[in-house]
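Below you'll find the structure, written out as structure tokens, and then a few comments.
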Amino acid sequence: MHILIVLTSHDKLGNTGEKTGFWLEELAAPFYTFKDQGCKITLASPKGGLPPLDPKSTLADFETNFTRRFDADPEAQRQLATTTPLKDIDTTDYDGVFYPGGHGPLWDLAEDQDSIALIEKFLQQEKPTGLVCHAPGALRHTKNPDGTPLIKDKKVTGFSNSEEAAVELTDIVPFLVEDMLISQGGNFSKGADWAPYIAIDGKLLTGQNPASSAPLAEKMLALLNP
């Protein structure tokens, strides 16, 4: 199995002067969930090269066994430093795709034409497509072949309005993931704040928050290995 993991290239948290990027746990957990099952992994991002890491995700409060393992893994660090530009990705080379969150994707992956086309192609090819936390924001402009929103009438979840309020970024982000998914016709549901919660509709899988990262990868593996 060959899994593509797509990371943000965006590092500015709106006009706050603070940095953002991808959330470490949301990369590390699926990375090892896939790798430990023998999957080959390719990392990609809109700009290629080293993607920005949200500095808050490295704080001690957010450390996990997955993040500690990733930090101490020279091969994983080498892969992270050399992500493939999205424009060079051919979906036929992969069995599934996973999008980690962090706030960065709300600015770039949500609007990136290569990412939009990539998600559409993976689902048209009936390959598991997983997005966690803020990464479901990348579904914002995705369409079905008939031009309707890709998520219309589909079961979806993502970082909830209450979770965004809890981190005090409601007025900073370009849009709220929950509101966007609902506005695009998604059948949105959520669990308790910060608890693992997954929504699955065919080959589209979405997770609510960082705690959902590993469970989401496990659900993808179950689809890949029925």
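The values are calculated or read from the model by the stated rules, or taken from the named source; none is laboratory data. Being a predicted model, the structure only gives us computed values, none of them experimental. With ideal geometry, Cβ positions are generated from the backbone for all residues, glycine too; neighbour counts draw on all protein chains shown. We work out accessible area using only protein heavy atoms, side chains counted, and drop any ligands, DNA or RNA first. Shrake-Rupley method; radii C 1.70, N 1.55, O 1.52, S 1.80 Å.
One residue stands out in the range 57-69 among those that are touching a residue at least 12 places away in the same chain (Cβ under 8 Å) and over 17 Å from the mean Cα position of the chain (by Cα): the one that is farthest from GLY104 (Cα to Cα), namely ARG69. Whenever a residue of the range 159-181 is assigned to a helix (DSSP H, G or I), its partners that are surrounded by fewer than 21 Cβ atoms within 10 Å (Cβ to Cβ) and of a type in the set (S, T, N, Q), lying with C-beta atoms within less than 8 angstrom and at least six residues away or across chains, give the pairs ASN161/THR170; GLU164/THR170; GLU178/ASN161; ASP179/ASN161.
Somewhere in the range 72-93, is a residue farther than 20 Å from LEU106 by Cβ, assigned to a helix (DSSP H, G or I), of a type in the set (Val, Ile, Thr) and open to solvent by 60 Å² or more (accessible area, probe 1.4 Å)? Yes: one or more hits.
Cβ-Cβ contacts under 9 Å between residues 6 or more apart (or on different chains), taken from a first residue in the range 26-37 that is on the phi < 0 side of the Ramachandran plot and free of Cβ contacts under 8 Å to residues at least 12 places away in the same chain to a second residue that is of a type in the set (Gly, Ala, Ser) and surrounded by fewer than 24 Cβ atoms within 10 Å (Cβ to Cβ), are listed as LYS35/ALA76. Regarding the range 124-138, can at least one residue be identified that is among the charged types (D, E, K, R), outside any loop (DSSP other than H, G, I, E, B) and surrounded by 14 or more Cβ atoms within 10 Å (Cβ to Cβ)? No, the conditions are met nowhere in the range 124-138. Restrict the check to the range 182-195 and report whether at least one residue is open to solvent by 60 Å² or more (accessible area, probe 1.4 Å), within 18 Å of the chain's Cα centre (by Cα) and in contact (Cβ under 8 Å) with a residue 40 or more places away in the chain. No, the range 182-195 has no match at all. Checked against (1) touching a helix residue (DSSP H, G or I) at 6+ places or on another chain (Cβ under 9 Å); (2) assigned to a helix (DSSP H, G or I), ASP61 passes all but a single condition, namely (1).
Results for (1) closer than 18 Å to GLU126 by Cβ; (2) under 17 Å from the mean Cα position of the chain (by Cα); (3) open to solvent by 30 Å² or more (accessible area, probe 1.4 Å), shown as yes or no for each residue.
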site	(1), (2), (3)
VAL156	yes, yes, no
ALA166	no, no, yes
LEU169	no, no, no
VAL173	no, yes, no
GLU178	no, yes, no
TYR197	no, yes, yes
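In the range 1-48, of all residues being part of a strand (DSSP E or B) and open to solvent by 10 Å² or more (accessible area, probe 1.4 Å), the one that is nearest to TRP107 (Cα to Cα) corresponds to LYS12.
Report yes if PRO30 is of a type outside the set (Asp, Glu), in contact with a Lys or Arg (Cβ under 7 Å, 6 or more places away or on another chain) and at pLDDT 95 or above, otherwise no. Answer is no for this residue.
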